[in-house]
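Input: a single structure, listed below in structure tokens.
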Amino acid sequence: MLESLQRYDTFRSFKHRNYRRFYAGNLLSNTGTWIQRVAQDWLVLDLTHSPTALGVVTSLQFGPAIFFSLHGGSLADRFDKQRWILATNAVSAGCAFGVGALVQTGHMTINWMYLLAVILGIASAIQAPIWQTFVHDLVGRADLPNAIALNSTNFNIGRLIGPALSGYLISLFGTGPSFLVNGATYAASIYAIATMRKSEFFANGSTDTHTQAGVLAGLRYLRTRSDIIVMLVLIFFAGTFGLNYQMFMALMSRNVFGVQADSFGLLGSVMAIGSVSGALFVAQRKLAPTARFVQGLVLVFGTVTATAGLAPTYGFYALALPFCGFAALTMLSSANAYVQSTSEPAYRGRVMGVYMLVFIGGTPIGSMSLGWFAENVNVRLAVVLCGAIVAVVAALSLIIPTTRAYTAPMLVEEDASIESTEA
């Protein structure tokens, strides 16, 4: 099926056999990830009835990015990405099975949740930049923006199915089975990655031999790229304040609208309609995104996020979420494609390590602040302020010129690889 789609320009990355396997394997795994994410938020609120505790768990899960993302980026430039992804996937699967077993046996406590969130966070922080740059190895530079957008589509197809399915499972069986299902879905991703053909990988080209030296070299390279620095600042504010949608939806569902788990799960699926549409919009674009284009998208994203927080009823909030999803995925796919496609190949992994650091590393700040503000002041106002902060920073970035303009090179493939259309 995926082979037949490659004739359409929107799906041109499917001409690469390794990418087809990557995409198919992750489709099931991403669905499991969203099943677990909804169950995790609901489980924490069931255990504690505290928005602050939900913020703590989110912070512990994303906090390790501060300490491990840069080294993950250096590993991406120096070592076998395929093996590192297989190892981190195995750890993540173990965490899912661990939580599921504890819930099913009645031994789950918030302290166990804190511990497993940290372990999962470490694995995810190491994997994130490796995973991002691995896409280049599968499709090469020419098809990189398209593949990034298709990955977002994949992730949000999982988001379309996973939250609603998780809400249904929770309403029937509690939260435990959702974690067990997610653990099982990792098998598809592990199999797909393990069976790829190394002969068809595209070369990345890095020569650093020491992890710490590699990190410092990457930071020195970034000092010469003010355009990427602007992107990183915008992604930091978007990730820290604007992209806490799982918390937004959990708090709005439970504390503002008073709905049950199935209605909460449905919100994630509704939002994914817009997310998939946004990812497909980026995938069909033939022009590489510019910095100004990304800056404008961040402004739109912050505005629609703040507006959604003003929704007077559950129904209006649900109607606003597809617009939020479209804005978020268009912004993220375009920013990711810009940073990867304009970075020097030898530094791409380390640049993406910094990218993932600012994208995920700010989440503990945002989630803790959001949880505290929602519990002690007002949930709705917390959501509005998060969106407004992002919009203001984006507007300032458009007004204040960068110190150095950068023109992206033509997306002509420079690497050598065998391109196969075999099944």
- Note on the structure: Going through the range 95-105 in order, the residues found to be assigned to a helix (DSSP H, G or I) and either of a type in the set (Lys, Arg) or farther than 26 Å from residue 362 by Cα (or both) are 97, 98, 100, 101, 102, 103, 104
- Query: Quick check: anything in the range 94-116 closer than 25 Å to residue 273 by Cα, out of contact with any Lys or Arg (no Cβ under 9 Å at 6 or more places or on another chain) and hydrophobic (A, V, I, L, M, F, W, C)?
  - Reply: no
- Of everything in the range 165-180 that's more than 21 Å from residue 90 (Cα to Cα) and among the aromatic types (Phe, Trp, Tyr), which residue is surrounded by the fewest Cβ atoms within 10 Å (Cβ to Cβ)? 173
- Message: Can you tell me which condition residue 219 does not meet? The list is (1) within 22 Å of residue 87 (Cα to Cα); (2) surrounded by fewer than 17 Cβ atoms within 10 Å (Cβ to Cβ); (3) of a type outside the set (Gly, Ala, Ser); (4) within 23 Å of the chain's Cα centre (by Cα), and all the others hold.
- Response: (1)
- Query: Do any helices (runs of 4 or more DSSP H) entirely within the range 1-88 hold 3 or more residues that are under 18 Å from residue 128 (Cα atoms) and under 20 Å from the mean Cα position of the chain (by Cα), and if so, which?
  - Reply: 17-48, 51-62, 65-78
- Task: Considering only the range 106-134, state which residues are in contact with a helix residue (DSSP H, G or I) (Cβ under 9 Å, 6 or more places away or on another chain), outside any helix (DSSP H, G or I) and without any contact (Cβ under 8 Å) to a residue 12 or more places away in the chain.
- Result: 107
- Task: Among residues belonging to the range 20-48 that are aromatic (Phe, Trp, Tyr) and over 13 Å from residue 185 (Cβ atoms), point out the one that is surrounded by the most Cβ atoms within 10 Å (Cβ to Cβ).
- Result: 22
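Residue-wise test of (1) buried (at least 24 other Cβ atoms within 10 Å of the Cβ); (2) out of contact with any strand residue (DSSP E or B) (no Cβ under 8 Å at 6 or more places or on another chain); (3) modelled with pLDDT under 85.
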| site | (1), (2), (3) |
| --- | --- |
| 312 | no, yes, no |
| 315 | no, yes, no |
| 331 | yes, yes, no |
| 341 | no, yes, yes |
| 364 | no, yes, yes |
| 369 | no, yes, no |
| 377 | no, yes, no |
| 411 | no, yes, yes |
| 421 | no, yes, yes |
- Considering only the range 181-192, state which residues are surrounded by 20 or more Cβ atoms within 10 Å (Cβ to Cβ) and either under 19 Å from the mean Cα position of the chain (by Cα) or over 23 Å from residue 16 (Cα atoms) (or both). 181, 182, 183, 185, 186, 189
- Task: State the number of residues belonging to the range 248-263 that are surrounded by 22 or more Cβ atoms within 10 Å (Cβ to Cβ), at pLDDT 85 or above and not hydroxyl-bearing (Ser, Thr, Tyr).
- Result: 5
- Note on the structure: Among residues of the range 135-159 being part of a helix (DSSP H, G or I) and more than 15 Å from the chain's Cα centre (by Cα), the residue farthest from residue 281 (Cα to Cα) is 137
- Item | Some residue of the range 278-285 being of a type in the set (S, T, N, Q), surrounded by fewer than 17 Cβ atoms within 10 Å (Cβ to Cβ), assigned to a helix (DSSP H, G or I) and touching a helix residue (DSSP H, G or I) at 6+ places or on another chain (Cβ under 6 Å) | yes
- Message: When you check residue 347 against the structure, is it in contact (Cβ under 8 Å) with a residue 60 or more places away in the chain, under 20 Å from residue 79 (Cα atoms), of a type in the set (Phe, Trp, Tyr) and part of a helix (DSSP H, G or I), yes or no?
- Response: yes
- Task: Looking only at the range 350-370, count how many residues are part of a helix (DSSP H, G or I) and under 14 Å from the mean Cα position of the chain (by Cα).
- Result: 10
- Answer yes or no as to whether residue 92 is of a type in the set (S, T, N, Q), under 17 Å from the mean Cα position of the chain (by Cα) and at pLDDT 85 or above. yes
- Message: For a quick check of your reading of the model, give me the residue pairs whose first member lies in the range 314-329 and is within 15 Å of residue 159 (Cβ to Cβ), whose second is of a type in the set (Lys, Arg) and assigned to a helix (DSSP H, G or I), with beta-carbon atoms closer than 9 Å and at least 6 apart or on different chains.
- Response: 325/159
- Message: Restricting to the range 235-260, name every residue that is closer than 24 Å to residue 394 by Cα, out of contact with any Ser or Thr (no Cβ under 7 Å at 6 or more places or on another chain) and part of a helix (DSSP H, G or I).
- Response: 235, 236, 237, 238, 241, 245, 246, 248, 249
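The values are calculated or read from the model by the stated rules, or taken from the named source; none is laboratory data. The structure displayed is predicted, hence computed values, not measured ones. A quick note on method: Cβ atoms are made from the backbone with ideal geometry, for glycine too, and the neighbour counts reach across all protein chains shown.
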